[in-house]
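Each remark here refers to the structure printed beneath this line.
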Ligand SMILES: CC(=O)SCCNC(=O)CCNC(=O)[C@H](O)C(C)(C)COP(=O)(O)OP(=O)(O)OC[C@H]1O[C@@H](n2cnc3c(N)ncnc32)[C@H](O)[C@@H]1OP(=O)(O)O
């Protein structure tokens with residue numbers, strides 16, 4: 001197997017992009033990544049996208065984006081894994097380089113969720129849940145996560161306040177990220193007063209509906225200048241899965257897909273959770289942040305909630321998380337999110353993050369992209385030069 005390096009990154013701002021189509025957003029991010037890599041050729045393109053067909057009436061994104069970007073003829077496919085579509089596509093790119101089949105590939109994540117009324121997008125997102133037994137009851141992803149959170153609060157006798165600190169931290173970091181959707185910090189008081197969406201998940205507990213595209217260029221590490229300090233190596237990119245239907249899970253509070261994906265990633269990378277310099281979790285909802293920190297092996301979820309308020313997860317803390325705002329602050333254009341996470345982790349490992357949110361001398365960065373309530377999970381571990 002060849003070692004794989006990230007040699008270029010690109011991203012559009014995350015916001016409502018009513019003036020730009022899916023392909024325009026994707027090609028913008030792709031060309032930025034090619035410029036960054038100083039390349040003008042690729043021999044493979046993998047596109048992460050979840051809802052192009054449902055919301056933009058545009059499928060067949062692999063060939064479409066390759067053609068529109070000037071690369072008609074190369075291998076180009078779309079990869080779908082619900083909200084983990086971006087990282088699922090990233091894994092295909094990594095495998096193409098690691099296997100020696102390709103010399104230089106691009107992975108693009110793209111999504112447009114804001115063209116329709118919010119209820120329409122929320123309904124489209126819910127197609128990733130169990131259609132026969134869950135969405136047919138009217139359950140959205142906010143509602144499914146609300147059920148998990150209610151169970152967790154009941155078992156641990158918790159109030160809403162401990163959950164405020166993850167969104168507060170995410171919005172704090174997002175204010176320094178020029179690509180983030182929300183550039184305003186929020187307070188615990190604002191969180192507690194925010195409008196309720198699905199009890200106990202309120203507006204400020206939830207990631208937003210958003211549009212955006214992000215891209216990375218991958219190449220074999222051994223064919224590159226090894227002393228290039230901007231090179232970031234992909235040590236692991238591993239998938240775990242669980243039942244799509246929440247009611248089939250034996251334990252609602254243990255994300256088994258996350259556990260499998262993280263354990264496989266740590267094994268492939270030859271690392272333990274203690275060696276990770278920063279973690280980009282899939283913080284679509286605060287309960288998902290707490291449960292994924294536990295299932296990844298960092299600490300139990302109740303401990304994570306206690307640490308959320310004491311600086312442990314801050315930029316200068318023991319394990320910085322959501323360093324550029326996470327899904328909550330940067331925004332969550334679902335099929336693009338996994339690539340935004342990798343782009344941001346690469347910026348951190350290169351030392352190119354905005355100074356207020358640059359982690360000091362990071363060595364290993366971990367990203368985790370989750371589809372559904374944890375049915376498809378991709379954990380990636382990256383290594384920088386410092
Ligand atoms: C595995 C997974 O990732 S599952 C997750 C998949 N993603 C989702 O399920 C998306 C969840 N989020 C949502 O459905 C929506 O963002 C909701 C329901 C939380 C809010 O939507 P709405 O109530 O329609 O909010 P609306 O779009 O009207 O915005 C109202 C205001 O709140 C702001 N806002 C909207 N969403 C958020 C948010 N999540 N956080 C903070 N502010 C928000 C808007 O900017 C707007 O501000 P303004 O009045 O200053 O312009």
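The values are calculated or read from the model by the stated rules, or taken from the named source; none is laboratory data. Keep in mind that what you see is a predicted model, and the values were worked out from it rather than measured. Every residue, glycine among them, receives a Cβ derived from its backbone with ideal geometry; neighbour counts consider all protein chains shown.
Taking the criterion of being within 16 Å of the ligand (Cβ to nearest atom) and either buried (at least 23 other Cβ atoms within 10 Å of the Cβ) or not in a helix (DSSP H, G or I) (or both), would at least one residue in segment 17-27 satisfy it?
Pass one, segment 17-27, residues within 16 Å of the ligand (Cβ to nearest atom): 17-18.
Now drop any that are not either buried (at least 23 other Cβ atoms within 10 Å of the Cβ) or not in a helix (DSSP H, G or I) (or both), which leaves 17-18.
For segment 17-27, residues within 16 Å of the ligand (Cβ to nearest atom) and either buried (at least 23 other Cβ atoms within 10 Å of the Cβ) or not in a helix (DSSP H, G or I) (or both): present.
Between a residue in segment 32-46 that is under 17 Å from residue 79 (Cβ atoms) and any residue that is in a helix (DSSP H, G or I) and modelled with pLDDT of 95 or more, which pairs come within a Cβ distance under 6 Å, given they are 6 or more apart or on different chains?
That search, which allows pairs on different chains as well, returns 44/96; 45/66; 46/89; 46/92; 46/93.
Residues checked against (1) surrounded by fewer than 24 Cβ atoms within 10 Å (Cβ to Cβ); (2) in the same structural domain as residue 147 (by the TED database); (3) in contact with a strand residue (DSSP E or B) (Cβ under 7 Å, 6 or more places away or on another chain); (4) at pLDDT below 95:
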residue: 345; (1), (2), (3), (4): no, yes, yes, no
residue: 357; (1), (2), (3), (4): yes, yes, no, no
residue: 361; (1), (2), (3), (4): yes, yes, no, no
residue: 364; (1), (2), (3), (4): yes, yes, yes, no
residue: 374; (1), (2), (3), (4): no, yes, no, no
residue: 379; (1), (2), (3), (4): no, yes, yes, no
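Restricting to segment 164-185, give me the number of residues that are near the ligand (Cβ under 10 Å from one of its atoms) and part of a helix (DSSP H, G or I).
Total satisfying the criteria: 3.
Is it true that residue 302 is closer than 15 Å to residue 253 by Cβ, in contact with a strand residue (DSSP E or B) (Cβ under 9 Å, 6 or more places away or on another chain), modelled with pLDDT of 95 or more and in the same structural domain as residue 153 (by the TED database)?
Answer is no for this residue.
Restricting to segment 343-373, name every residue that is within 16 Å of the ligand (Cβ to nearest atom) and either over 13 Å from the mean Cα position of the chain (by Cα) or over 30 Å from residue 134 (Cβ atoms) (or both).
373
Of all residues being near the ligand (Cβ under 8 Å from one of its atoms) and out of contact with any strand residue (DSSP E or B) (no Cβ under 9 Å at 6 or more places or on another chain) in segment 186-212, which is farthest from residue 145 (Cα to Cα)? Just the residue, please.
So, considering only residues that are near the ligand (Cβ under 8 Å from one of its atoms) and out of contact with any strand residue (DSSP E or B) (no Cβ under 9 Å at 6 or more places or on another chain), the one farthest from residue 145 (Cα to Cα) is 186.
Taking the stated definitions as given, is residue 156 within 13 Å of the ligand (Cβ to nearest atom) and surrounded by fewer than 19 Cβ atoms within 10 Å (Cβ to Cβ)?
So residue 156 fails the test.
Being at pLDDT 95 or above and under 23 Å from residue 237 (Cβ atoms) is true for just one of 58, 32. Which residue is that?
Sole residue among the options that is at pLDDT 95 or above and under 23 Å from residue 237 (Cβ atoms): 32.
Within the group 131, 98, 63, which residue is surrounded by fewer than 16 Cβ atoms within 10 Å (Cβ to Cβ) and farther than 25 Å from residue 290 by Cα? Full working, then the answer.
Numbers: 98 fails: surrounded by fewer than 16 Cβ atoms within 10 Å (Cβ to Cβ); 63 fails: surrounded by fewer than 16 Cβ atoms within 10 Å (Cβ to Cβ).
Criteria check complete, one pass: 131.
Read through the list (1) more than 15 Å from residue 377 (Cβ to Cβ); (2) within 13 Å of the ligand (Cβ to nearest atom); (3) not in a helix (DSSP H, G or I), then give the number of the only condition that residue 244 fails.
Single failed check for residue 244: (1).
Scan segment 246-276 for residues that are in contact with a helix residue (DSSP H, G or I) (Cβ under 8 Å, 6 or more places away or on another chain) and surrounded by fewer than 23 Cβ atoms within 10 Å (Cβ to Cβ) and jot them down.
Passing the criteria: 246, 249, 252, 253, 254, 256, 259, 266, 272, 273.
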